Amino acid sequence: MEFLNTIKDLIPDYAKDIRLNIDGTIARSSLEGSDAISVALAAAFAAKSSKIVDIIKRSGQLSAAEQNGALTAAALMGMNNTWYPYLEMADSPELKGQPAGLRMNAYAQHGGVDKRRFEMYALAASIVGKCHFCVKAHFDTLIKEGMSTAQLRDVGRIAAVIQAAALVIVAEQG
């Protein structure tokens, strides 16, 4: 996973723990196959880190379908991570009873990947987006899909480290 070095090279010594956690969370994840990298891509998109998104996309580690699934999930969560907290903050039973009226057709096709993977990517993006409702919904779905607590922990750890790396990179490079 040479591309991880490209990301780590952007992180200065004051954030050494973040740099070390990139390997610890992505390269040594309990997730299957390329799932850890796809989770990182979804988290990077949610963290608005075009640099990390570009590095992961150019790495050659993910198929076009995996990239599409991760980016589709993260894009939809960008909308949902705003919409559902709005409903909770407004605390209006009448508003909650209204249909959202927001197009989410890509959700039905899971962004071109299987449901478990799409939900995993959506969870990572929702962790970064800090939407309590979405995190809980995707977490519960993934439990039903058979994911272990260790795997779900790793999704959260990857999302946290990618978010921190994105913050450091922006602070250092603008």
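The values are calculated or read from the model by the stated rules, or taken from the named source; none is laboratory data. The structure displayed is predicted, hence computed values, not measured ones. Using ideal geometry, Cβ is built from the backbone for each residue, glycine included, and neighbour counts are taken over all protein chains shown. What goes into the accessible areas is simple: the full protein's heavy atoms, side chains included, and nothing from ligands, DNA or RNA. Shrake-Rupley method; radii C 1.70, N 1.55, O 1.52, S 1.80 Å.
For the range 1-41, how many residues are within 21 Å of L152 (Cα to Cα), out of contact with any helix residue (DSSP H, G or I) (no Cβ under 7 Å at 6 or more places or on another chain) and assigned to a helix (DSSP H, G or I)?
The qualifying residues number 2.
Hey, which of the helices (runs of 4 or more DSSP H) in the range 46-123, taking only ones fully inside, have at least 2 residues that are open to solvent by less than 40 Å² (accessible area, probe 1.4 Å) and over 23 Å from I169 (Cα atoms)?
On the way: elements: 50-58, 64-90, 93-96, 105-108.
Fully inside the range 46-123 and qualifying: 64-90.
Hey, among Y86, Y107, Y121, which residue is among the hydroxyl-bearing types (S, T, Y) and touching a residue at least 60 places away in the same chain (Cβ under 8 Å)? Give the derivation first.
Numbers: Y86 fails: touching a residue at least 60 places away in the same chain (Cβ under 8 Å); Y107 fails: touching a residue at least 60 places away in the same chain (Cβ under 8 Å).
Step by step, each of Y86, Y107, Y121 is checked, and only Y121 is among the hydroxyl-bearing types (S, T, Y) and touching a residue at least 60 places away in the same chain (Cβ under 8 Å).
So K136 passes all but one of these: (1) more than 20 Å from T82 (Cα to Cα); (2) modelled with pLDDT of 95 or more; (3) basic (K, R). Which condition number does it fail?
Among (1) more than 20 Å from T82 (Cα to Cα); (2) modelled with pLDDT of 95 or more; (3) basic (K, R), the lone unmet condition for K136 is (1).
For the range 124-159, name all the residues that are without any contact (Cβ under 8 Å) to a residue 60 or more places away in the chain, aliphatic (A, V, I, L, M) and open to solvent by 50 Å² or more (accessible area, probe 1.4 Å).
I143
Please go through the range 160-174 and pick out each residue that is over 12 Å from the mean Cα position of the chain (by Cα) and open to solvent by 10 Å² or more (accessible area, probe 1.4 Å). It would help to see each step written out before you state the result.
Residues of the range 160-174 over 12 Å from the mean Cα position of the chain (by Cα): 164-174.
Matches in the range 160-174: A164, L167, V168, V170, A171, E172, Q173, G174.
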